[in-house]
Amino acid sequence: MLENLISFICEELGCDESNVGGGTLLGELVGDELEIRELIEALENEFDTQLGGNIDGDCSVATLAGMIEE
């Protein structure tokens, strides 16, 4: 799941996969809360899940992967 998530995030944000890992925080990838919300909505659509509204820039990619797997 983690590798698929990293690939999707990098595709959405136009960043290099070699710069993103499980410990990467969303705040390191996007500029503001609006961009985080847009990314979360895209993830919810892609992975057919509901992640909720409590995700912020301090959430790591690995944490997101765990939330999607639940």
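Structural remarks
- Inspection of region 5-12 finds no residue satisfying the criterion of being among the acidic types (D, E), more than 19 Å from E70 (Cα to Cα) and at pLDDT below 95.
- Residue count, region 1-56 (criterion: under 11 Å from the mean Cα position of the chain (by Cα), assigned to a helix (DSSP H, G or I) and among the small types (G, A, S)): 3
- Each residue in region 56-67 was checked for being of a type in the set (A, V, I, L, M, F, W, C) and open to solvent by 20 Å² or more (accessible area, probe 1.4 Å), and 2 of them qualify.
- Taken across region 14-36, residues that are open to solvent by less than 50 Å² (accessible area, probe 1.4 Å) and on the phi > 0 side of the Ramachandran plot do not occur at all.
The values are calculated or read from the model by the stated rules, or taken from the named source; none is laboratory data. Just so it is clear, the structure is predicted and the values come from calculations on it, not from any experiment. Areas reflect the complete protein model, heavy atoms only, side chains present, ligands, DNA and RNA absent. Shrake-Rupley method; radii C 1.70, N 1.55, O 1.52, S 1.80 Å.
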